[in-house]
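The values are calculated or read from the model by the stated rules, or taken from the named source; none is laboratory data. For clarity, every value in this text was computed on a predicted model and none was experimentally measured. No Cβ is skipped: glycine too gets one built from the backbone with ideal geometry, and neighbour counts run over all protein chains shown. In case anyone asks, the SASA skips ligands and DNA or RNA and just uses the protein heavy atoms, side chains included. Shrake-Rupley method; radii C 1.70, N 1.55, O 1.52, S 1.80 Å.
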Amino acid sequence: MERLWQAMDVTTVERPSVSSVVMPFVVGSLAVAAGGVLRLALDPALGDRAVFLFFVPAVLIATVTGGWLPASATTLLSLAIGYAEFGRYGHLASNQVDAAVFGVLGIAMAVGGERLLRSQARSRGLARHVIERQAQLQSILDTVPNPMVVIDEDGLIESFSPAAERLFNWSKDEVIGENVSILMPSPEHEGHDSFLQRYAATGERRVIGVPRVVVGRRKNGTHFSAELSIGETRLGSRRFFTGFFQDLTEREAAAERVQTLQTELLQISRLSAMGEMASALAHELNQPLSAISNYLRGGERLLRNDNPHSPALAAMDKAAAQALRAGEIIRRLRDFVVRGESDRNMESLRQLTEEASALGLIGAKELGVTTRFKADTGVDEVFVDKVQIQQVVINLMRNAIDAMRESERRELRVTLSVGPENMAMLSVADSGPGISPRIADQLFQPFVTTKGAQGMGVGLSISRTIIETHGGRIWAEPNPEGGAIFRFTVPMGNPKGGH
């Protein structure tokens, strides 16, 4: 605690050591002895004059080295030696006034020396305190995560933090004293000084204290977006401006990734819907095409019995062949859609779920939905088509949020765990009204929806197609806490024959 108070009080004088206390007395005593010897040597020439003059340097030395206490002791020792050494010669009879003057001078020198030493100690303490504060400030500047640039009222850079060096690719030594416009692209580069001059003339604040997005320029000329906050400080008559930057490069890249992901998912959603529709149409069209072919074959036989040489027989034969050909084409299209050739790779189920939640949970916070994620440590790598599985996750999350719109309790829980047959299982649980028993058995059939007139009834059907194509299973069950739980499984690891 004492050290803490000393560090906070710049007037604190360092506690002297034993050697620093004793040494001034020793030095003063030796100086007195030297002065006495010198005075004795000059005694024949001086007589009874200037008895104490030769002790003044000793008092001065003691004062400078030790302060008032060694100086006072040296003064008394000088008076005692003066009387002892020269009194027997009768030299002191006429030097009583000199002795008094010497004593007063010695005390005055002691007091003045003490004040001088204390002033020097305070100056050293203040200088040390300033150095420590500067070191602390520099340490803070070195560790501030956001880049910081300090300029004066003329736009010249006064301080450039290490984070700013990393952001702008300029070193501190290169930019200190330079105009801050070197960090700006055109047209801000040419007009920045006029902004400072206008503020100095009018005092009108336009950007100070208001965060704004700006464009910065690195040393290599490349540009980047950053959020800039500016503060103003006055030191005496000088004015300084401190700018804090927040690099938006990663944020913009993340937004771009989300946009790209959203575009891909929308595209795969449209393609999946088209594929499901094509599969349904192929199934329905195969029956009338088969019937057309059968009727043509039957008509051909009847016509052959009545008129074996009729030219219509060849036309009917070709029509039946074309009907069978159309049916074969539709069958192949249906097989392709159902089997769903996809690009599968080893993916992190945890990561793709987090990425999908960026889209699936849009608007959840505004609806008051509380979301919880839980992942078992044994579930991560799965062999899937990333975009297709994310489409399923988004669909289940959006369905869960829609189901809880009218619920008092709105909790969404996403869980990653090991499912049946040692497959990875993802569960999406909501606290909505649950699944109506009327449609529970047909939930994953095309055009069956739980959203009434607002739903198309293809989302869960597409999800089932995707999951089953991956070799997994998707199903729904009641939530014991109220609501519904949708689960699906996908293979973990890289199966034999995988890429």
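Multiplying the residue separation of residue 124 and residue 317 by 0.36 nm and subtracting their alpha-carbon distance yields 58.0 nm. The HN-Hα couplings worked out from phi for the range 475-491 by the Karplus form 6.51 cos²θ - 1.76 cosθ + 1.60 (θ = phi - 60°) are 7, 10, 8, x, 8, x, 8, x, x, 9, 10, 9, 10, 8, 10, 9, x Hz, whole numbers, x standing for Gly and Pro.
Using a simple spin-label model with pseudo-atoms 7 Å out from Cα toward Cβ, residue 302 and residue 30 lie 14.3 nm apart. Full extension of the chain between residue 229 and residue 440 gives 70.4 nm of extra length, using 0.36 nm per residue less the Cα-Cα distance. At what distance in angstrom do the alpha carbon centres of the range 138-197 and the range 369-399 lie from each other? Between the Cα centre of the range 138-197 and that of the range 369-399, the gap is 45 Å.
Legend: calculated FRET efficiency, residue 69 to residue 408, from the Cβ-Cβ distance at R0 = 56 Å, rounded to 0.05, equals 0.10.
At an R0 of 60 angstrom, the distance between the Cβ atoms of residue 240 and residue 354 translates into a FRET efficiency of 0.90. For residue 178 and residue 376, a Förster radius of 56 Å and the Cβ-Cβ distance give a FRET efficiency of 0.50, rounded to the nearest 0.05.
Once both labels are positioned 7 Å from their Cα atoms along Cα-to-Cβ, the gap between residue 422 and residue 468 label points is 2.6 nm.
With every protein chain in place and a 1.4 angstrom probe, the accessible-area ranking of 387, 26, 101, 490, largest first, reads 101, 26, 387, 490. In the context of the full protein assembly, residue 223 retains an accessible surface of approximately 110 Å², using a probe radius of 1.4 Å and ignoring ligands and nucleic acids.
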